[in-house]
1. Of everything in the stretch 82-99 that's within 21 Å of Asn259 (Cβ to Cβ) and at pLDDT 70 or above, which residue is most open to solvent (accessible area, probe 1.4 Å)?
2. Test of understanding: among Thr307, Thr342, which residue is modelled with pLDDT of 75 or more and within 17 Å of the chain's Cα centre (by Cα)?
3. I'd like to check which helices (runs of 4 or more DSSP H) are fully inside the stretch 293-382 and have at least 1 residues that are open to solvent by 40 Å² or more (accessible area, probe 1.4 Å).
4. Please go through the stretch 44-60 and give me each residue that is without any contact (Cβ under 8 Å) to a residue 12 or more places away in the chain and more than 11 Å from Val290 (Cα to Cα), ordered by number.
5. Would you point out which residue out of Ile322, Ile390, Ile349, Ile340 is touching a residue at least 60 places away in the same chain (Cβ under 8 Å) and closer than 28 Å to Ile281 by Cα?
6. May I ask you to verify whether Lys386 is of a type outside the set (Gly, Ala, Ser), within 30 Å of Ile22 (Cβ to Cβ), open to solvent by 10 Å² or more (accessible area, probe 1.4 Å) and assigned to a helix (DSSP H, G or I)?
7. Looking at Val264, Val242, Val219, Val272 in this structure, which one is more than 27 Å from Leu158 (Cα to Cα) and at pLDDT 85 or above?
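The values are calculated or read from the model by the stated rules, or taken from the named source; none is laboratory data. Just so you know, these numbers come straight off a predicted model, no measurement behind them. A quick note on method: Cβ atoms are made from the backbone with ideal geometry, for glycine too, and the neighbour counts reach across all protein chains shown. Side chains included, ligands, DNA and RNA excluded: accessible areas come from the protein's heavy atoms. Shrake-Rupley method; radii C 1.70, N 1.55, O 1.52, S 1.80 Å.
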Amino acid sequence: MDIAIPVITLLLLLMLSVPVAISLALAGAVGIWLISGASTLVGILSTAPGSSLSSYELLTIPMFVLMAEFMGISGISANLFRAVAAWSGRLKGGVGISTVVTGALFGAVSGSSTAAAATLAKISIPAMLEQKYDPRTAAGIVAMAGTIAMLIPPSVALIFYGLLSETNISALLIAGIVPGALVTLVLSVTIRITVGRHKAVNEDLPSYSWAERLRSLRVAIPFIGLFGIVTGLIYSGVATPVESSAIGSMGAFLYTVFNRSITVPAFKAALVNTCTVTAMIGLIVVCAQVFGFFVTMSGVAHDLAMTVSGSDIPVWAILAGIVLLYLFLGLFLDLISILILTVPVMLPIIQQLGLDPLWFGVVVILLAEVGIVTPPVGMNVFVVSKISGIPLKDCFAGVVNPIIAVLLLIIALVAWPEITLWLPNTMH
């Protein structure tokens, strides 16, 4: 009963549409009270906020969010799209491929899937429709391209997973690079195959000389420099993620000053948005810790891990069940909710099976990429539909092929964890 009542409380609160973080905190508080009494609960509630928010690594989030805000002000996303299109536009499906590559590049300075999808919808959907792309295909490309931001550093999702799991954040950010690049490649190949079948797509695309292509690279120099500095400092061990994020946000601010895109209202809006996002994540971290105390005190995670590891079920079958669970949760919950619900329970199982938490974090984020474009809560699809005016059902129809492609990649990463782990294993 000590476990059943908190679980029932959590389900009831979720059914009443209480925010997931608050639901977890309340359910966790009920569980702690039942297990250890009111004095223990008061002690935990009085210390949890301070202890959970005192983490030095938590400073990474506001700095990276501020960097993304400044890069959004700079207007670099539209210039990046044109630069990439100059190199890939003549390919069959080149505009769609340009969208995916731009999504990966924008994700390297954004870290926000929804922001990337919104930006790409404004820029690339009109370009694809002009080239006679099927609106469903165009919407599906943009919705899926936006999800790459969840993996490419600086990924707020990976940072949050690292805070919950106490996994090395530097290694997590570097571990997201190769899978992020593979998602970009897989989606590009999918576009090349699917768009190539449609003869209606316009092949009379503008031609760019080599001089024009080389000039277009000047647009990408500030972006490449910023990404290279931030990621390079983390990879080499010269700076911590917090220090690198501070350097990145300062570099992004200086770029807006040099290209004269910064204004006083825009600067204030960037600070307000950063504070809002940081406060929201801080509340989630506190609530997640309260629920985590309950999970630890109940022993349910440890008992489940020992039961699973001691059973005769093959590891591949356990992993398949975990993948299906995350795909199911992705139909109804956002990424942050999934992480705070499942990491305290699933991580002990993964560790008991001898698997790497770094690899698990990347796989979970990839599975969340699928969830963020699947109905009924596919947030990226809703954003793309609202901005582009393409009917929601057509947008969801357009993500079917990209979802299948990403699922195949997930299977490969689950089967061969070394694909994810080799780059972080080379870090200093």
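1. Filtering the stretch 82-99 for residues within 21 Å of Asn259 (Cβ to Cβ) gives 82-86.
Now drop any that are not at pLDDT 70 or above, which leaves 83-84.
Numbers: Ala83: 10, Val84: 25 Å².
Going through the qualifying residues, I end up with Val84.
2. On the way: Thr307 fails: within 17 Å of the chain's Cα centre (by Cα).
Of the residues listed, the single one that is modelled with pLDDT of 75 or more and within 17 Å of the chain's Cα centre (by Cα) is Thr342.
3. Numbers: elements: 300-310, 315-330, 335-352, 357-371.
So the answer is 300-310, 315-330, 335-352.
4. Taking the stretch 44-60 first, the residues without any contact (Cβ under 8 Å) to a residue 12 or more places away in the chain are 46-47, 50, 54.
The answer is Gly50, Ser54.
5. Values: Ile322 fails: touching a residue at least 60 places away in the same chain (Cβ under 8 Å); Ile390 fails: closer than 28 Å to Ile281 by Cα; Ile349 fails: touching a residue at least 60 places away in the same chain (Cβ under 8 Å).
Selected residue: Ile340, the only one of Ile322, Ile390, Ile349, Ile340 that is touching a residue at least 60 places away in the same chain (Cβ under 8 Å) and closer than 28 Å to Ile281 by Cα.
6. yes
7. Numbers: Val242 fails: more than 27 Å from Leu158 (Cα to Cα); Val219 fails: at pLDDT 85 or above; Val272 fails: more than 27 Å from Leu158 (Cα to Cα).
Val264 is the lone residue from the list that is more than 27 Å from Leu158 (Cα to Cα) and at pLDDT 85 or above.
Rundown of residues vs (1) farther than 24 Å from Glu57 by Cα; (2) open to solvent by 40 Å² or more (accessible area, probe 1.4 Å); (3) among the hydrophobic types (A, V, I, L, M, F, W, C), yes/no style:
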| position | (1), (2), (3) |
| --- | --- |
| Gly237 | no, yes, no |
| Ser244 | no, no, no |
| Arg260 | yes, yes, no |
| Pro265 | yes, yes, no |
